[in-house]
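FYI, it's all coordinate maths here, none of it is from the lab. Quick caveat, the model's predicted, so the values are computed rather than measured. Counting neighbours? That spans all protein chains shown, and the Cβs are built from the backbone with ideal geometry, glycine included.
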Amino acid sequence: MTKAKTKNWVGFDLGGTKMVAVVYDSSFKVLASVKNKTPMRDGPKAILARIQETLSAALAAAGVEPANVRGIGAGCPGVLDLDKGVILEAPNLGWKKVPLQSLLKEWFASDVVLLNDVDAGTYGEFMFGAGKGARTLLGVFPGTGIGGGCVYEGKLIRGKSGSAMEIGHIPVRENGRLCGCGNRGCLEAEAGRLAISAEVAQATFRGEAPYVAENAGTDLKKIKSGLLAKSIKAGDASVERIVRNAMKLMGRGIGGVVNLLAPDVVVLGGGLVEAMPDLILEEVKQGMKEGGMASMVQPLKIKVAELGDDASVQGAAAWAAAELG
């Protein structure tokens with residue numbers, strides 16, 4: 001095969017703390033992978049420069065010329081205009097109206113597809129992970145917020161020009177906690193990791209979580225998924241109760257989505273799930289029974305995501321292949 005006919009795909013995952021670029025061959029075998037920190041404190045221009053640097057380094061490590069790249073898929077956080085390839089707003093990055101698609105095209109003379117990072121993770125699990133072979137796959141990723149994505153008959157469900165499946169903003173409690181979106185009682189405001197951590201901090205202040213008190217105090221930045229799992233293992237009963245209640249509530253929210261979409265597989269991913277998969281599966285299943293119709297919930301499979309941090313970058317590259325051919 002001549003170089004002109006070589007078809008390589010590139011996946012890119014942009015996060016608030018790190019970014020990853022992976023070069024694949026036409027069969028999605030990894031040729032090279034490069035990871036870098038996202039220079040948050042240095043501003044948007046520095047982040048863009050780091051993106052160009054990371055992708056260039058991955059191509060160089062793979063020995064692939066930009067001319068032999070069929071397409072680049074980039075999974076990005078924030079609000080995206082997918083038709084125009086513009087990140088309208090990404091608060092964690094300090095970005096507004098950044099034309100990332102056109103910039104990547106300019107830098108690498110390649111076709112580029114942008115997609116929401118949670119959509120990318122869901123599609124990655126559909127193509128290569130726990131959702132492989134599903135007709136309808138619902139992906140739910142609880143973290144600081146709660147992200148969702150859905151693949152229906154091989155295609156990501158999306159709006160006219162933007163992403164869809166904002167499951168974290170389904171209202172689950174009247175006059176509940178204030179959410180980052182401006183509404184009250186959204187699922188992620190009640191059951192996201194930040195909400196869990198805030199409740200755990202209160203329990204710690206009351207003297208109900210000795211392990212957390214010793215290892216993190218009431219500092220929300222330190223009360224992360226791994227610490228929560230260790231706290232439960234150490235016997236902090238109040239922490240276990242808080243996490244179980246949140247995950248059951250999340251299950252109820254997922255149950256409502258199941259009633260609408262009738263998925264055959266639900267995949268749960270993200271750091272919180274990775275830290276305590278058995279506990280979370282147990283409570284989510286119970287919550288789904290309470291929030292979903294039995295005829296919809298009983299037949300479906302609920303699985304833990306298999307790809308971890310690789311899901312978004314693999315999914316982004318695979319979606320580029322699906323869109324560009």
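For this structure, a couple of remarks:
- When only Cα pairs below 8 angstrom with a gap of at least 6 residues are kept, segment 131-304 shows a relative contact order of 23 percent.
- Cβ-Cβ FRET estimate between Lys97 and Phe28, R0 fixed at 30 Å, reported to 0.05: 0.40
- Neighbour counts of C-beta atoms inside 10 Å place Asp42, Asp310, Asp119, Asp236 in the sequence Asp42, Asp310, Asp236, Asp119, starting with the fewest.
- Histogram of C-alpha separations across segment 131-304, 5 Å bin width, %: 2, 9, 18, 21, 19, 15, 9, 5, 3, 1, 0
- Mean Cα-pair separation over length for the chain, i.e. relative contact order, pairs under 8 Å, 6 or more apart, %: 19
- Stokes-Einstein diffusion for the chain, with the hydrodynamic radius set to the Kirkwood value over Cα pairs and evaluated at 25 °C in a medium of 0.890 mPa s, equals 120 µm²/s.
- Leading residue at positive end of dipole, the chain (Cβ point charges), from Gly149, Gly291, Ser231: Gly149
- For segment 189-253, radius of gyration divided by Kirkwood radius, i.e. Rg to Rh on alpha-carbons: 0.94
- Note, ³J(HN,Hα) from phi for segment 262-273, Karplus 6.51, -1.76, 1.60, rounded to Hz, x at Gly and Pro: 6, x, 9, 9, 10, 10, 10, x, x, x, 5, 5
- Taking amide H atoms as placed 1.01 Å from N in the peptide plane, the amide H of Thr144 lies under 5 Å from those of Arg193, each 5 or more residues away in sequence or on another chain.
- Sorting 311-320, 247-256, 22-31 by average packing, meaning the other beta carbons within 10 Å per residue, from highest down gives 311-320, 247-256, 22-31.
- Length available on full extension from Phe205 to Leu261: 0.36 nm per residue minus the Cα-Cα distance, which gives 16.0 nm.
- Highest to lowest packing among 188-199, 293-304, 218-229, 278-289, scored as the average C-beta count within 10 Å: 188-199, 278-289, 218-229, 293-304
- Estimated dipole of segment 131-304 in Debye, rounded to 20 [Cβ of Lys and Arg +1, of Asp and Glu -1, Cα centre]: 380
- Counting only Cβ charges, +1 for Lys and Arg and -1 for Asp and Glu, the dipole size of the chain around its Cα centre is about 220 debye.
- Table column - 3J(HN,Hα) (Hz), segment 209-218, Karplus curve with 6.51, -1.76, 1.60, x for Gly and Pro: 9, x, 5, 5, 4, 6, 9, 9, x, 10
- Within the chain, antiparallel bridges make up roughly 60 percent of the DSSP beta bridges whose residues both belong there.
- Positive-pole candidate from Thr17, Tyr211, Ala130, dipole of the chain, charges at beta carbon: Thr17
- In segment 131-304, taking the dipole from charged Cβ atoms about the Cα centre, the farthest positive-side position among Ala189, Val304, Val200 is held by Val304.
- Residue by residue, segment 146-162 carries 3J(HN,Hα) couplings of 10, x, x, x, 9, 10, 10, 6, x, 10, 6, 6, 8, x, 4, 9, x Hz when phi is fed to the Karplus relation 6.51 cos²θ - 1.76 cosθ + 1.60 (θ = phi - 60°); x denotes Gly or Pro.
- Within a straight-line Cα-Cα reach of under 28 Å, Lys45 can be paired with the following lysines, leaving aside sequence neighbours fewer than 8 residues apart in one chain: Lys18, Lys35, Lys37, Lys84, Lys96, Lys97, Lys105, Lys221.
- Remark: spin-label model distance Ser161-Asp42 equals 3.3 nm, labels positioned 7 Å along the Cα→Cβ axis.
- The fraction of Cα-Cα pairs per 5 angstrom bin, counted from 0 for segment 1-118, comes to 2, 12, 24, 25, 19, 11, 5, 2, 0, 0 percent, rounded to whole percents.
- Under-5 Å amide H pairs with Gly16, H placed in peptide plane, nonlocal only: none
- A convex hull fitted around the alpha carbon atoms of segment 77-163 yields 106 Å³ per residue.
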